[in-house]
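Report on one structure; see the data block that follows.
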Amino acid sequence: MLRSILLALDDTPGAATARDVAIALARCSGARLTAASVLDLPHTRDAVEAVPPGASAFLERRNEALARRAEEEAGAALAAFIAAAGDLPFATLRLEDAPEPALQKAGARHDLLVIGRDSTLGQEANEDGLAPVIEHLLHRGARPLLVVPPRAEMADHDPDGPVLVGYDGSLPAMRALQLFALLRPAGEAPVTVFTSDEDRPHAQALAGEAAEYLRGHGLAATPLGVAGERPADLLLAEAASARPRLVVMGAYETSGLRSFLLGSATRKLLRELACPVFVHR
């Protein structure tokens, strides 16, 4: 059961949606919610670079200006969170280190880390709309992520839809499946376990094994095995049809469904899925 949630605050559209998703999840699960402001002072106030003689004062003033802007942006994101949370109990956390180590350390003290897909966390804008910190946390973080797209990209998202699990029988897929079953981030919502393979009977057998595991945890799970050679595209097509409330997947490094992370298939899925994604490695 989900007991604690860490939310990474930011002012991007995806982070605003992540804020609302985290609040709703805390309300329905009863989990403790902590909102984290990430200031990244090493890259603002403490930034060091080679400058011409006599320019050190300029560098100091620039760094102070960057630090003030970071404080202002963090304050605005926190104020928006407080207004949205209303009467929901919550805690706040001020993280002054760089986003990657700060969230990695703080995330280890929670069950789940919720983050906007496009969160910049005080750094440069993301060229492809996928926060670089997400990749870092999937490599080195101890906890699963709930990656949330901007609300404008969730027009066809059904908050009451089923859960769609992408599964290939690998260890990362098994870990993600287990954490999803134990934490129940989607409550008792029905689950479709999706597996693709060139051999459809093999895909159906793998999906059946995962569905049986979920049923053993009291979840209504249906296997769906399909034949095909482009698992990411097939999963995107199924998501577009089923309009799930949540997609669950492991993070992978090799081929097929296992190319989820950190190859092009993973980035494609995280960028294009029009619903929150529960992902773990």
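The values are calculated or read from the model by the stated rules, or taken from the named source; none is laboratory data. Please read all numbers here as calculations on a predicted model, not as lab measurements. Backbone-built Cβ (ideal geometry, glycine too); neighbour counts: all protein chains shown.
Being under 25 Å from H110 (Cα atoms) and buried (at least 17 other Cβ atoms within 10 Å of the Cβ): is that true of L206 here? If you could, list the steps in order and put the result at the bottom.
On the way: under 25 Å from H110 (Cα atoms): no; buried (at least 17 other Cβ atoms within 10 Å of the Cβ): yes.
Against the criterion (under 25 Å from H110 (Cα atoms) and buried (at least 17 other Cβ atoms within 10 Å of the Cβ)), L206 does not qualify.
So the check is Cβ under 6 Å with 6+ separation or different chains; which pairs have a first residue in the range 205-231 that's modelled with pLDDT of 95 or more and a second one that's of a type in the set (F, W, Y)?
A210/Y167; L224/F194
Of the residues A221, A205, only one is in contact with a strand residue (DSSP E or B) (Cβ under 6 Å, 6 or more places away or on another chain) and among the aliphatic types (A, V, I, L, M); which?
The unique qualifying residue is A221.
Could you go through the range 156-177 and let me know if any residue there is of a type in the set (K, R) and not assigned by TED's automatic domain parsing to the domain that holds L9. Working first, answer last.
As a first pass, look at the range 156-177 and keep what is of a type in the set (K, R): 175.
Imposing the further condition that a residue be not assigned by TED's automatic domain parsing to the domain that holds L9 reduces the set to 175.
Checked the range 156-177: at least one residue is of a type in the set (K, R) and not assigned by TED's automatic domain parsing to the domain that holds L9.
Suppose the filter is of a type in the set (D, E, K, R), assigned to a loop (DSSP other than H, G, I, E, B) and out of contact with any Lys or Arg (no Cβ under 6 Å at 6 or more places or on another chain); does D87 pass it?
On the way: of a type in the set (D, E, K, R): yes; assigned to a loop (DSSP other than H, G, I, E, B): yes; out of contact with any Lys or Arg (no Cβ under 6 Å at 6 or more places or on another chain): yes.
Yes.
Output the residues belonging to the range 198-217 that are outside any helix (DSSP H, G or I) and in contact with an Asp or Glu (Cβ under 8 Å, 6 or more places away or on another chain).
Going residue by residue through the range 198-217, those that are outside any helix (DSSP H, G or I) are 198-199, 217.
Passing the criteria: only E198.
The rows are residues; the columns are (1) of a type in the set (V, I, T); (2) out of contact with any Phe, Trp or Tyr (no Cβ under 7 Å at 6 or more places or on another chain); (3) surrounded by fewer than 24 Cβ atoms within 10 Å (Cβ to Cβ); (4) not in a loop (DSSP other than H, G, I, E, B).
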{"residue": "N126", "(1), (2), (3), (4)": "no, yes, yes, no"}
{"residue": "E135", "(1), (2), (3), (4)": "no, yes, yes, yes"}
{"residue": "A152", "(1), (2), (3), (4)": "no, yes, yes, yes"}
{"residue": "D168", "(1), (2), (3), (4)": "no, yes, yes, no"}
{"residue": "P172", "(1), (2), (3), (4)": "no, no, yes, yes"}
